[in-house]
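Asks: The structure under discussion is supplied below as structure tokens; questions concerning it will follow.
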Amino acid sequence: MNPIDPSILQVTVGRPYPLGPIVYEEGIRFTIFSRHATRVWIALFDRIEDQQPAWEYEFDPNRHRIGDVWSLFVRGAEEGVYFMYRMDGPHAPREGHRYNPRIYLLDPYAKAFVGDIHNGTMKCVAVHDKMDWNDDVRPHIPLKELIIYETHVRGFTNHPSSGVKHPGTYSGLIEKIPHLKELGVNAVELLPIQEFGETLLGRCSIKAGKQLTNYWGYSNIGFFAPTGRYAISATRLEHLDEFRSMVKALHEAGIEIILDVVFNHTSEGDERGPTLSFRGIDNSVYYLLSKGAYLNYSGCGNTLNCNHPLVRDFILDCLRYWVAVMHIDGFRFDLASILGRDQNGNIVEEAPLIKRIAEDPVLRDVKLIAEAWDAGGAYQVGGFGDARWAEWNGKYRDDARRFWRGDSGMRGVFATRLTGSADLYMRSDRSPEHSINFITCHDGFTLRDLVSYNKKHNEANGDGNRDGVDENFSWNCGHEGETEDPEINALRIRLQKSMIATLYLSLGVPMMLGGDEMGRTQQGNNNAYCQDNEISWYDWTLLEKNRELFLFYKNVIAFRGENPVFRRNSFFNGGAARDTADLVWYEPSGETVDWASPASAIACRIHPKENEDTGVFMIFNASDAAVRFRLPGGDWHVRINSAAPPPEDYFTAEEAPPMKNDIFEASAKSVVVVTLRVR
């Protein structure tokens, strides 16, 4: 791109909508909102490292301002030019205004960013929206059919063992699509890929002695832009093309892409944080404030003013862009309860933004998934929004963990979670698909650590092990951390397999944490947000070492696919007649379940008519000893036994061995599934 020649640039009036840079053949229109600014400048830069612009122009409020929108057209400016703004206005913190005309500001509507925010070189890039995706076909997989794999773009392939050409990048993820396909995944949920702000945390790991970083990326500043940190190169526009190539490759493989989006706060933090964009553009509009102080319902220093009409428009414009231009299939909303807080911070019933997202015509076909809580104490699992919204079911996670840990009296709630959490979702036109079931996710222990540690071990985070939740409902199987004891390791594998089976035998939409299929460990760290190193990166040598886990995941996912009853979109009714009821629960003896019993073993039978003429009998033994179960009469065949070594832990329908009698002894901490085909 040629250096900027100020002599050829001509400024004319703009247009107040849409916001952001709009690229034309003859130039670029720059449009930005600010209600309280009194002066605005647009600045163009030649190079990323430049601290001073090659050209700067002050908006004339009489010619370039319509209402609260400042807009002008720069004839001669080219696509790919670097730009920023400056703004002046009142500096009155108690009234919510923090203008500083000396600071260059990032455009909230910019579609691309380059440079390093730490040395002050991050800049916006003027981008023309490409509409050449004619050959990209979205999978359009029904929500109830999804098999979700949560992962981090960088951590997925950054370990040297990944073997990809470009580790830690969008391209690196493309190279690992065959792994996802073999596993049986049809949706990836990516931790934040929108451009985030400061990554250096200003402290070192006591354990590693290295500077800690904001690895997870839950600290956005560029909500419309895929971050250049996960690209092979990010100097102009090439990282956008690399991201688009990843989306297209996933779609070609029949895999949808869900973005973890963070519309609850920004990386500017509280009053001690940097002024990067929103604070310097219109602080009193973009943030929740009380007498100028930032309200902190996010736990990250500030809270976006989501139900201010202008901020609602910003969020909706952003979501529409990711769907219409970048072909995203769904969104998981981090700390989504904040979307329902009014300008005083109160939770609002039928909050305008939540309702508007659900009804937006552009977003009508995409998946909407809420993390239905926030750091301010809101917890809305089972009651977030309307039937358009699915939810991360945190109660499923906790109750499944407690059952398999062997906690007393958990059979009833475990049965409820296994059958779709009717206590949460059997209302308001909801169904099992509204429950996103998970046992592990990025936030907490990995599956391997869940059976290896009783306590968190976050010393490497440099915060004295104070961060991260204290209660994980985990069990170390008799030894804290890694061990060479073969009996403990065998028990850990069995317990992991039992929880894997539980996840995919449950009504609802299953989500697994990426890396669990290879036995990934974070060394007991349950809050690895700052660990951009081997603690978080996937060690691909574990895939062969723990092949048993991978194959079990693969097989149980296939079993779920073969049996439509686990993907049904209605709850079981039970029934008085045991022979005809759609679902019946049993004691090991075959008698009716005593739900008040403290026992930790239970079984259930699904009637063949609910599953295309294939009956299913499932045994869940969370106790510390083997338990003998009596099966209902019939020609049962063994399909799954989490206690058995491969290949006896899973059989295809054609190879499944018949039961020799009506008694099955289920090992401690195991799941057994037998099926019956009605001829």
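The values are calculated or read from the model by the stated rules, or taken from the named source; none is laboratory data. Keep in mind the model is a prediction, meaning the values are calculated, not measured. Don't worry about glycine lacking a Cβ; one is built from the backbone with ideal geometry, like all the others, and counts go over all protein chains shown.
Every residue, every condition in (1) among the small types (G, A, S); (2) within 22 Å of A528 (Cβ to Cβ); (3) in contact with a helix residue (DSSP H, G or I) (Cβ under 7 Å, 6 or more places away or on another chain); (4) surrounded by fewer than 22 Cβ atoms within 10 Å (Cβ to Cβ), yes or no:
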site: L237; (1), (2), (3), (4): no, no, no, yes
site: R244; (1), (2), (3), (4): no, no, no, yes
site: A253; (1), (2), (3), (4): yes, no, yes, yes
site: H265; (1), (2), (3), (4): no, yes, no, no
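Asks: Okay, moving on. Kindly indicate which of F59, F33 is under 34 Å from the mean Cα position of the chain (by Cα) and closer than 21 Å to P101 by Cα.
Replies: Within the list F59, F33, the selection yields F33.
Asks: In this structure, is V678 within 28 Å of A490 (Cα to Cα) and either in contact (Cβ under 8 Å) with a residue 12 or more places away in the chain or in the same structural domain as Y553 (by TED's automatic domain parsing) (or both)?
Replies: Answer is no for this residue.
Asks: If I ask for residues that are over 18 Å from G377 (Cβ atoms) and either part of a strand (DSSP E or B) or touching a Pro at 6+ places or on another chain (Cβ under 7 Å) (or both), which ones from region 293-306 would you list?
Replies: A293
Asks: Taking only region 648-670 into account, find how many residues are surrounded by 13 or more Cβ atoms within 10 Å (Cβ to Cβ) and within 19 Å of R560 (Cα to Cα).
Replies: Matching residues across region 648-670 total 6.
Asks: Testing C477 on (1) in contact (Cβ under 8 Å) with a residue 40 or more places away in the chain; (2) within 28 Å of F559 (Cβ to Cβ); (3) not in a strand (DSSP E or B), one condition comes back false. Which one is that?
Replies: That leaves (1) as the condition not met.
Asks: Determine which single condition Q343 fails, assuming it passes every other condition in (1) part of a loop (DSSP other than H, G, I, E, B); (2) within 18 Å of E256 (Cβ to Cβ).
Replies: (2)
Asks: Let me ask something additional. So which residues in region 114-151 are closer than 30 Å to N569 by Cα and out of contact with any Gly (no Cβ under 7 Å at 6 or more places or on another chain)?
Replies: Scanning region 114-151 gives D136, V137, R138, H140, I141, P142, L143, K144, E145, L146, I148.
Asks: When you scan region 606-616, how many residues do you find that are surrounded by fewer than 23 Cβ atoms within 10 Å (Cβ to Cβ) and either touching a Phe, Trp or Tyr at 6+ places or on another chain (Cβ under 9 Å) or in the same structural domain as L495 (by TED's automatic domain parsing) (or both)?
Replies: Within region 606-616, residues that are surrounded by fewer than 23 Cβ atoms within 10 Å (Cβ to Cβ) and either touching a Phe, Trp or Tyr at 6+ places or on another chain (Cβ under 9 Å) or in the same structural domain as L495 (by TED's automatic domain parsing) (or both) number 3.
Asks: Return a yes/no flag: does region 21-28 have any residue that is assigned to a loop (DSSP other than H, G, I, E, B), over 28 Å from L289 (Cβ atoms) and not acidic (D, E).
Replies: yes
Asks: For V678, only one of the following conditions fails: (1) modelled with pLDDT of 95 or more; (2) touching an Asp or Glu at 6+ places or on another chain (Cβ under 6 Å). What is its number?
Replies: (1)
Asks: Which members of region 419-447 meet the condition of being in contact with a Ser or Thr (Cβ under 7 Å, 6 or more places away or on another chain), in a helix (DSSP H, G or I) and crowded, with 24+ Cβ neighbours inside 10 Å?
Replies: Those that are in contact with a Ser or Thr (Cβ under 7 Å, 6 or more places away or on another chain), in a helix (DSSP H, G or I) and crowded, with 24+ Cβ neighbours inside 10 Å: Y425, L447.
Asks: Next question. Which of (1) part of a loop (DSSP other than H, G, I, E, B); (2) touching a helix residue (DSSP H, G or I) at 6+ places or on another chain (Cβ under 6 Å) does Q496 not meet, given it meets every other one?
Replies: So the condition that Q496 fails would be (1).
Asks: Checking the conditions here, which among Y396, Y379 is of a type in the set (S, T, Y) and surrounded by 16 or more Cβ atoms within 10 Å (Cβ to Cβ)?
Replies: Y396
Asks: How many of the residues in region 71-97 are touching a Pro at 6+ places or on another chain (Cβ under 9 Å) and within 19 Å of D270 (Cβ to Cβ)?
Replies: 1
Asks: Separate question: Please state which of the following conditions F473 fails to meet, knowing it meets all the rest: (1) touching a Lys or Arg at 6+ places or on another chain (Cβ under 8 Å); (2) more than 23 Å from D516 (Cα to Cα); (3) surrounded by fewer than 22 Cβ atoms within 10 Å (Cβ to Cβ).
Replies: Only one criterion is unmet by F473, namely (2).
Asks: Counting only residues that are of a type outside the set (A, V, I, L, M, F, W, C) and assigned to a strand (DSSP E or B), which one in region 270-292 is surrounded by the fewest Cβ atoms within 10 Å (Cβ to Cβ)?
Replies: Across region 270-292, the extreme among qualifying residues is S290.
Asks: Moving on to the next point. Just the residues that are farther than 18 Å from P178 by Cα and part of a helix (DSSP H, G or I), please, taken from region 534-555.
Replies: Of everything in region 534-555, those that are farther than 18 Å from P178 by Cα and part of a helix (DSSP H, G or I) turn out to be K545, E548.
Asks: Filter region 4-15 for residues that are surrounded by fewer than 16 Cβ atoms within 10 Å (Cβ to Cβ) and of a type outside the set (D, E, K, R); which is nearest to W55 (Cα to Cα)?
Replies: P6
Asks: Also, quick follow-up: Quickly run through region 154-199 and pick out the residues that are at pLDDT 95 or above and among the hydroxyl-bearing types (S, T, Y).
Replies: T157, S161, S162, T169, Y170, S171
Asks: Which residue is modelled with the lowest pLDDT, if the candidates are limited to region 450-460 and must be crowded, with 22+ Cβ neighbours inside 10 Å and touching a Lys or Arg at 6+ places or on another chain (Cβ under 9 Å)?
Replies: This residue is A460.
Asks: Something else now. Looking at region 572-596, which of its residues are modelled with pLDDT under 95, part of a loop (DSSP other than H, G, I, E, B) and of a type in the set (S, T, N, Q)?
Replies: Once the filter is applied, which keeps residues that are modelled with pLDDT under 95, part of a loop (DSSP other than H, G, I, E, B) and of a type in the set (S, T, N, Q), region 572-596 yields N573, T580.
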